[in-house]
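No value in this document is a laboratory result; all are computed from the given coordinates. All figures in this text were calculated on a predicted structure; none of them were measured in a lab. Cβ: placed from backbone, ideal geometry, glycine included. Neighbour counts: every protein chain shown.
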Amino acid sequence: MDAREVVDALLRPDLRGRTAYGAPQLDVPVALNTNESSYPVPAVVVAAMTAAVEEAAAGLNRYPDREFTRLREALAAYLGRSGTTVDPAQVWAGNGSNEVLLHLLQAFGGPGRTALGFTPAYSMHPIITTTTGTAWVDGMRGVAGAGAFDLDAASAVVQVREHRPDVVFLCSPNNPTGTALGLDVVEAVYDAADGLVVVDEAYAEYARAGTPSALTLLAGRPRLVVTRTMSKAFALAGGRVGYLAADPALVDALRLVRMPYHLSTPTQAVALAALAHADLMLETVDAVRAQRDRIVDEIARMGLSPVPSDANFVLFGGLADSHATWQGLLDRGVLVRDVGIAHYLRVTAGTPEETSAFLDALAALVPTHA
Ligand code: PMP
């Protein structure tokens, strides 16, 4: 037996033959495949982060603040800017919102339990679910007479009632489609479900005006969780900080499953420095929104089918051979994402220059319908 066979024989049977999360990390001139911010951290914030880490460095012989108290206060204050008061006791954080989602599944999923999501949605939802031994149920999107990727309250409620999941994932704005949900959907799903309802709002800051956050629904709903991240609009993907807001009792339950001291001292220091400069860190959000809308307009003009987006990316369809288009873009130095939906690709809205490079490369590949 070679080493792989030995490992396979020992591996949990449900993990055998699985493929790992694998967005390609290629060195290309224009990387528009993982919905990061294309804008570097501003120099003022770099200086503040460096100073904060330097100050903390001599104390690295000690474990970090296990309760990340200052970070929770800063995150609560940041969420409060949207108009909904959030208490620090309602906040939990982790190394990216992926870890926060993992904590939720460790505490509320597990063997014999199920989680339901409405796909296509974020590919890590089923992966995190199944790595915790929780069964995944693939729900459906699509509303007759509306968009193929929309989800309405009636359809979501029918699926929740049918499967009676312990955890329901909603994603708004949804990755990879960019589709936001009305609060009526969140409310209806909450009322229909007996279990946890997790609204993944990783892209909330990019939403178009009038697209509400589920934060406004938290009061009086102890089974509702809203997850956010500093990886997207906050331009801090490398910092690995994600967080959630929920009832303090639910937050308390997550202490049962997290590893002690899971947020390192440097992570907390960097995130605090970024939050102290929130306005500066979020300064490019409007510019990114403008490029997103430009992508939608120009792609439609090419005769392709962009999906309306409330996020920092656009899913577009109408491609005869989406893999050939993906490769053709890569050959021209532009990396986008093949999310596994036939005839569709997803592109992140970057700087105006990156967006132009993408649009020019795409125009060269797609026959014009002028
Ligand atoms: N949720 C959604 C919908 C995402 O698209 C992503 C990142 N692509 C995440 C969560 C996780 O991001 P992070 O772990 O960097 O916070």
(request) Quick one: which residues, 5+ away or cross-chain, put their amide H under 5 Å from the amide H of VAL137? H built at 1.01 Å from N. (result) ALA115, LEU116, GLY117
(message) Given the options PRO29, GLY17, ASN174, identify the residue whose Cα lies farthest towards the positive end of the charge dipole of the chain (+1 on Cβ of Lys, Arg; -1 on Cβ of Asp, Glu).
(response) GLY17
(request) Return a whole-number percent for the relative contact order of the range 36-102, with Cα pairs under 8 Å and 6 or more residues apart as the contact set. (result) 18
(request) Mind putting a number on the dipole of the chain about its Cα centre? Charges go on the C-beta only, +1 for Lys and Arg and -1 for Asp and Glu, and I need it in Debye to the nearest 20. (result) 520
(request) Can you put HIS163, HIS125 in order of Cβ neighbours within 10 angstrom, beginning with the fewest? (result) HIS163, HIS125
(request) Round to the nearest 0.05 the FRET efficiency obtained for LEU280 and ALA209 when R0 = 30 Å and r is the Cβ-Cβ distance. (result) 0.85
(request) Give, to the nearest whole percent, the P(r) tail of the chain beyond 29 angstrom, counting all Cα pairs. (result) 44
(request) Estimate the FRET efficiency between HIS262 and SER123 by the formula 1/(1 + (r/R0)^6), using the beta-carbon distance for r and 22 Å for R0, to the nearest 0.05. (result) 0.40
(request) Convert each backbone phi in the range 172-188 into a coupling constant with the Karplus relation 6.51 cos²θ - 1.76 cosθ + 1.60 (shift: θ = phi - 60°), then list the ³J(HN,Hα) values in order as whole Hz, x for Gly and Pro. (result) 8, x, 7, 9, x, 8, x, 6, 8, 9, x, 5, 4, 5, 4, 4, 5
(request) Quote to one decimal, in nm, the extra length available between HIS323 and GLU162 on full extension: 0.36 nm per residue of separation minus the C-alpha distance between them. (result) 54.4 nm
(request) Could you pull out every residue, at least 5 positions away or on a different chain, whose amide H is within less than 5 Å of the one on LEU170? Hs are placed 1.01 Å off N in the peptide plane, and Pro or chain starts have none. (result) VAL198, VAL199, ASP200
(request) Hey, for a label at ASP14 modelled as a point 7 Å past Cα toward Cβ, could you say which residues of the range 127-164 have their backbone N under 16 Å away? (result) 127-138
(request) Determine the gain in length on full extension of the stretch ARG221-ALA77; use 0.36 nm per residue of separation and subtract their C-alpha separation, reporting nm with one decimal. (result) 49.8 nm
(message) Given the -39500 (n - 2.57) contribution per DSSP H run of 4+ residues, what per-residue ellipticity at 222 nm results for the chain, rounded to the nearest 500 deg cm²/dmol?
(response) -11500 deg cm²/dmol
